[in-house]
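The values are calculated or read from the model by the stated rules, or taken from the named source; none is laboratory data. Note that this is a predicted model, so its numbers are computed, not measured. Using ideal geometry, Cβ is built from the backbone for each residue, glycine included, and neighbour counts are taken over all protein chains shown.
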Amino acid sequence: MENNQDKGKTVAIISYITLIGFVVALIMHNDDKNKSELGAFHLRQSLGIMITGIALSFCQLIFVFIPFIGWLINGAISLALIALFVFWILGLISAINQEKKELPFIGSYYQKYLNSIK
């Protein structure tokens, strides 16, 4: 039983380490002996953080070319990206502690909309 928790913890931690780490964790999680609820939870959280970060960066790329108003919006998006980085750290700490704590504000949406990862 403890071995399954350790493997779930490994998948959970690796999922937060870059896109390559996420892919490795997903492959590890799809193996039946490594499958755990903790790993699936953190895979969903990590994927949600990555998707949100990519979407915000794309919006930032668009607004940078609009004078004044776009620059203000770009500043707000930069603050959102900093908050997303803090959420990434919170998720990683939660994975290390083997806790299934949803990220503030956005974690419940990730669990709801990315539920195909089981």
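Every residue, every condition in (1) of a type in the set (Lys, Arg); (2) over 12 Å from ALA12 (Cβ atoms), yes or no:
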{"position": "LYS33", "(1), (2)": "yes, yes"}
{"position": "SER46", "(1), (2)": "no, no"}
{"position": "MET50", "(1), (2)": "no, yes"}
{"position": "TRP71", "(1), (2)": "no, yes"}
{"position": "ALA83", "(1), (2)": "no, yes"}
{"position": "LEU92", "(1), (2)": "no, no"}
inquiry  = If ILE51 satisfies all but one of (1) of a type outside the set (Asp, Glu); (2) within 20 Å of TYR109 (Cα to Cα); (3) touching a helix residue (DSSP H, G or I) at 6+ places or on another chain (Cβ under 7 Å), what's the number of the condition it fails?
reply    = (3)
request  = Kindly provide the set of residues from the stretch 70-89 that are within 14 Å of MET50 (Cα to Cα) and not aromatic (Phe, Trp, Tyr), ordered by number.
outcome  = ALA80, LEU81, ILE82, ALA83, LEU84, VAL86, ILE89
query = Within the stretch 85-107, is even one residue surrounded by 14 or more Cβ atoms within 10 Å (Cβ to Cβ), over 16 Å from the mean Cα position of the chain (by Cα) and part of a loop (DSSP other than H, G, I, E, B)?
reply = no
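A quick yes/no check of all residues on (1) under 18 Å from ILE93 (Cβ atoms); (2) exposed (fewer than 14 other Cβ atoms within 10 Å of the Cβ); (3) of a type outside the set (Val, Ile, Thr); (4) modelled with pLDDT under 95:
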position: GLN5; (1), (2), (3), (4): yes, yes, yes, yes
position: THR10; (1), (2), (3), (4): yes, no, no, yes
position: LEU19; (1), (2), (3), (4): no, yes, yes, yes
position: SER36; (1), (2), (3), (4): no, no, yes, yes
position: SER46; (1), (2), (3), (4): yes, no, yes, no
position: THR52; (1), (2), (3), (4): no, no, no, no
